[in-house]
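Report on one structure; see the data block that follows.
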Amino acid sequence: MSDSPQTCITVDEELPLNVVAGSGDTPNNDSSHQVITCTGPCPASSSCCRDQNHRKLAICSIICGFSCIGIKALINSVKAEKTDNPVVAAKHLQRAKKLGIISIVTWVAFLVSVPILMAVISYLLTLID
C-alpha cells in the first residue's frame with residue numbers, strides 16, 4: 001500500500017513492460033513484450049473500499065473478532081472467488097459479509113459486557129454482606 005497515485009490504462013492503450021537493470025531477473029524474450037490493460041472502470045479511491053470478495057473484512061474479523069466465525073467468513077470469501085456460478089458466488093459473498101460483521105459485533109459486545117458483569121457481580125456481593 002503505497003501513497004503513489006494509481007493510474008488506469010484504457011483498453012485502447014498499451015504499456016510494454018521493460019526489464020529493469022539490476023532487478024535480479026534474467027531478461028526473457030517473452031517477458032519483455034507483455035502488455036498491461038485495464039478493462040474495468042478506473043478506481044477513483046484506494047482499493048481498500050473495493051474489496052469485492054469481502055476478504056479484508058474476513059481477515060479483520062479473524063484478528064479483531066471471534067476467530068472461529070472469522071475463519072468461516074474467510075472460507076466463504078475464498079469459495080465465492082473460486083466459483084464460476086454468479087448465483088452461488090453471490091450467496092457465498094453475502095454469507096462472508098454477514099459472518100464477518102457478526103464476528104466483530106459479538107467480540108465488541110463481549111468486551112463491553114465483561115466489565116458490566118463484573119460491576120453487577122461486585123454490587124450483588126456487597127448486598128449479600
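Since every read-out is calculated from the coordinates, none of them should be taken as a lab result. Everything quoted here is computed from the prediction, not taken from an experiment. Don't worry about glycine lacking a Cβ; one is built from the backbone with ideal geometry, like all the others, and counts go over all protein chains shown.
Worth pointing out:
- Karplus-derived HN-Hα couplings along segment 116-125 (A = 6.51, B = -1.76, C = 1.60, θ = phi - 60°), whole Hz, x at Gly and Pro: 5, 5, 5, 5, 5, 5, 5, 5, 5, 5
- The simple spin-label model puts a point 7 Å past each Cα toward its Cβ; for residue 114 and residue 82 those points are separated by 3.5 nm.
- Counting only residues at least eight positions apart within a chain, or on another chain, the lysines with an alpha carbon under 17 Å from that of residue 56 are 72, 79, 82, 97, 98.
- Between residue 56 and residue 123, the modelled labels are 4.1 nm apart [label points 7 Å from Cα along Cα→Cβ].
- Per-peptide average of other Cβ atoms within 10 Å, ordering 116-122, 66-72, 97-103 highest first: 97-103, 66-72, 116-122
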